[in-house]
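**Student:** Sharing a structure here in structure tokens format.
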Amino acid sequence: MKKILNFPKNFLWGSATSSHQVEGNNTHNDWWKAEQAKELKFKSGKACDHYNRYEQDFDLIKSLNQNAHRFSIEWARIEPEKGKFDKKEIEHYRKVLLALKKRKIKTMVTLWHFTNPIWFEKIGGWSNKESADCFERYVKIIVEKLGYLVDFWVTINEPHVYIRGGYMAGNWPPFKNNPIKAINVFNNFVKAHKVSYKTIHNKYPKAKVSISKAVSHTEPARKQCILEKLIALLIHYFYNHLFLKKIENELDYIGINYYTRSRIIFYPPFKKNLDKKISDIGWEIYPQAIYHLLKYLSKFEKPIYITENGLADAQDKHRKNFIKDHLFYIHKAIEEGVDVQGYFHWSLMDNFEWALGFSPKFGLIEIDYKTMKRKPRPSANYYAKICKNNYLIK
Ligand code: BGC
């Protein structure tokens, strides 16, 4: 028998994007520079031209009944040269925020989503001990000029994912493979979050500030294998726990990004997922894990927002059930007392998927990159019903 699963009153229903992935022409950042130098295989170019089409995109958000939106401000646009802040770009983001407010859509602003100004990269980026201070200067400007329009703040997106790509695997800018630098970057992110938290709260004592933490449910591939159990626990500690623990006193809520789980084996490649149901880029679809992660995160005793959750699915074959099943497990956690207050699907629209270029399609809305036409996929309409009703039928 079908059941109606009600979500809490004032639940946030939204979707998320990031500046470099959707805006286009982010000519002052390090990804752009690496793209031009062919250090990366794909170029972001005009991306979704969201920089010029945000009004149209926000109309779509509204028509899809979403009441919140997460997006990022591009630091390199705001501060293209060290210490020089571009008034025109600040004005641009004011208009973007006002366009959301006008439509009564709550705003969640990410201050840093993987890309850096070129000048910042030149001085050593996040491995430089001054990095947190540089970041804070930029945050201060945003708080002063735009803070009155921001409902939720995300200081840093997925510190571990960036460290893995940029400082361990070396396949993302700045293409390093250096464990010492990786540790410095980790510590500088902690510092940057803490100082930004203070800066925001000095001006807005009631502000809601967090990070977006990528979390993965780690488990041994073979339950009886003690070694795999141990590795899974260690990865859980370093990947899911440590960063949040370090900033626990500077968190008004917890933002998490969940995509897939990790089943650990003790020989390379160290991960062995059951590839029964996978997305277009091979990520296992495993909704149960979000329940376990929420139960673990409830120990921090803060409200939780899912700031990203989604899949690459060009044919829209799995997205509807993906949304339904993840929301089912989120609801189960809520019923058991976990304080989840919002869900942002990744992504509002197809976009530039970093080193993989434009081929993975994460969008609720399909983009025709030739004409820049937007077309909501059937799953977007399914999600729109949930957003409107504030309940899920399962
Ligand atoms: C990132 C997004 C990315 C998504 C899908 C997250 O790691 O925050 O920028 O597009 O996952 O890979």
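The values are calculated or read from the model by the stated rules, or taken from the named source; none is laboratory data. Everything numeric in this text was worked out from a predicted model, so none of it was measured. Virtual Cβ from ideal backbone geometry, glycine too; neighbours counted across all protein chains shown. Just the protein is used for accessible areas: all its heavy atoms, side chains included, with ligands, DNA and RNA removed. Shrake-Rupley method; radii C 1.70, N 1.55, O 1.52, S 1.80 Å.
**Student:** For the stretch 221-239, which positions are touching a helix residue (DSSP H, G or I) at 6+ places or on another chain (Cβ under 7 Å) and at pLDDT 95 or above?
**Tutor:** Hit for the stretch 221-239 is Tyr239, nothing else.
**Student:** Among the candidates His193, His236, His217, which residue alone is in contact (Cβ under 8 Å) with a residue 12 or more places away in the chain, in contact with a Ser or Thr (Cβ under 6 Å, 6 or more places away or on another chain) and open to solvent by less than 40 Å² (accessible area, probe 1.4 Å)?
**Tutor:** The conditions single out His193.
**Student:** Right, something else. So, in the stretch 114-151, how many residues would count as being under 18 Å from the mean Cα position of the chain (by Cα) and open to solvent by 10 Å² or more (accessible area, probe 1.4 Å)?
**Tutor:** Of the residues in the stretch 114-151, 2 are under 18 Å from the mean Cα position of the chain (by Cα) and open to solvent by 10 Å² or more (accessible area, probe 1.4 Å).
**Student:** Continuing with the same structure: Which members of the stretch 1-58 meet the condition of being free of Cβ contacts under 8 Å to residues at least 24 places away in the same chain and among the acidic types (Asp, Glu)?
**Tutor:** Residue satisfying the conditions is Glu35 alone.
**Student:** If we keep just the residues of the stretch 52-66 that are part of a helix (DSSP H, G or I) and open to solvent by less than 20 Å² (accessible area, probe 1.4 Å), which is farthest from Lys9 (Cα to Cα)?
**Tutor:** Asp57
**Student:** Has the stretch 160-168 got any residue that is of a type in the set (Phe, Trp, Tyr), under 26 Å from Leu293 (Cβ atoms) and within 14 Å of the ligand (Cβ to nearest atom)?
**Tutor:** yes
**Student:** Of everything in the stretch 169-183, what is away from the ligand (no atom under 15 Å from the Cβ) and open to solvent by less than 60 Å² (accessible area, probe 1.4 Å)? Give them in sequence order. So that I can check it myself, show each step before the final result.
**Tutor:** Residues of the stretch 169-183 away from the ligand (no atom under 15 Å from the Cβ): 170, 174-183.
Gly170, Pro174, Asn178, Ala182, listed by residue number.
For (1) touching a Phe, Trp or Tyr at 6+ places or on another chain (Cβ under 7 Å); (2) among the hydroxyl-bearing types (Ser, Thr, Tyr), each residue gets a yes or a no:
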residue	(1), (2)
Ser298	no, yes
Glu308	yes, no
Asp325	no, no
Gln341	yes, no
Trp346	yes, no
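**Student:** Can you tell me which of (1) over 27 Å from Asp252 (Cβ atoms); (2) open to solvent by 10 Å² or more (accessible area, probe 1.4 Å) is the one Val161 doesn't meet?
**Tutor:** Every condition holds for Val161 apart from (1).
**Student:** Which pairs do you get when a residue that is at positive phi and open to solvent by 10 Å² or more (accessible area, probe 1.4 Å), found in the stretch 332-358, comes within reach of a residue that is outside any loop (DSSP other than H, G, I, E, B) and within 8 Å of the ligand (Cβ to nearest atom), reach meaning Cβ atoms under 9 angstrom, with the pair 6+ apart or on two chains?
**Tutor:** Listed pairs, sorted by first residue: Trp354/Gln21.
**Student:** Next question. Taking the stretch 326-355, which residues are in a loop (DSSP other than H, G, I, E, B), touching a strand residue (DSSP E or B) at 6+ places or on another chain (Cβ under 8 Å) and within 16 Å of the ligand (Cβ to nearest atom)?
**Tutor:** Within the stretch 326-355, Ser347, Leu348, Asp350, Asn351 meet the criteria.
**Student:** On to the next question. I need the full set of residues from the stretch 283-313 which are away from the ligand (no atom under 16 Å from the Cβ), under 20 Å from Leu251 (Cβ atoms) and part of a helix (DSSP H, G or I), in order please.
**Tutor:** Those that are away from the ligand (no atom under 16 Å from the Cβ), under 20 Å from Leu251 (Cβ atoms) and part of a helix (DSSP H, G or I): Leu294, Lys295, Tyr296, Leu297, Ser298, Lys299, Phe300.
**Student:** Here is a further query. Restricting to the stretch 356-371, and then to whatever is more than 16 Å from Asn309 (Cβ to Cβ) and among the aliphatic types (A, V, I, L, M), can you tell me which residue is nearest to the ligand (Cβ to nearest atom)?
**Tutor:** Among residues in the stretch 356-371 that are more than 16 Å from Asn309 (Cβ to Cβ) and among the aliphatic types (A, V, I, L, M), the one nearest to the ligand (Cβ to nearest atom) is Leu356.
**Student:** Also, I was wondering about something else. Please enumerate the residues belonging to the stretch 318-327 that are open to solvent by 60 Å² or more (accessible area, probe 1.4 Å) and either within 16 Å of Lys3 (Cα to Cα) or of a type in the set (Phe, Trp, Tyr) (or both). If you could, list the steps in order and put the result at the bottom.
**Tutor:** So the first thing to find is which residues in the stretch 318-327 are open to solvent by 60 Å² or more (accessible area, probe 1.4 Å), and the list is 320-321.
Within the stretch 318-327, just Asn321 meets the criteria.
**Student:** Which one is nearest to the ligand (Cβ to nearest atom), of the residues in the stretch 239-267 that are part of a loop (DSSP other than H, G, I, E, B) and open to solvent by 30 Å² or more (accessible area, probe 1.4 Å)? Let's see the steps before the verdict.
**Tutor:** First pass over the stretch 239-267, keeping only residues part of a loop (DSSP other than H, G, I, E, B): 247, 251-253, 259-261, 265-267.
With the extra rule that they be open to solvent by 30 Å² or more (accessible area, probe 1.4 Å), the set shrinks to 252, 259, 266-267.
Details: Asp252: 20, Tyr259: 6, Phe266: 26, Tyr267: 26 Å.
Ranking the candidates gives Tyr259 first.
**Student:** Can you report the number of residues in the stretch 362-391 which are in a loop (DSSP other than H, G, I, E, B), open to solvent by less than 10 Å² (accessible area, probe 1.4 Å) and touching a Phe, Trp or Tyr at 6+ places or on another chain (Cβ under 8 Å)?
**Tutor:** 2
**Student:** In addition: Being hydroxyl-bearing (Ser, Thr, Tyr) and either under 25 Å from Ser15 (Cβ atoms) or touching a residue at least 40 places away in the same chain (Cβ under 8 Å) (or both) is the requirement here; does Tyr305 meet it?
**Tutor:** Considered against the rule, which asks whether it is hydroxyl-bearing (Ser, Thr, Tyr) and either under 25 Å from Ser15 (Cβ atoms) or touching a residue at least 40 places away in the same chain (Cβ under 8 Å) (or both), Tyr305 comes out as yes.
**Student:** Moving on to the next point. Pick from Ser15, Ser44: which is assigned to a loop (DSSP other than H, G, I, E, B) and within 16 Å of the ligand (Cβ to nearest atom)?
**Tutor:** Step by step, each of Ser15, Ser44 is checked, and only Ser44 is assigned to a loop (DSSP other than H, G, I, E, B) and within 16 Å of the ligand (Cβ to nearest atom).
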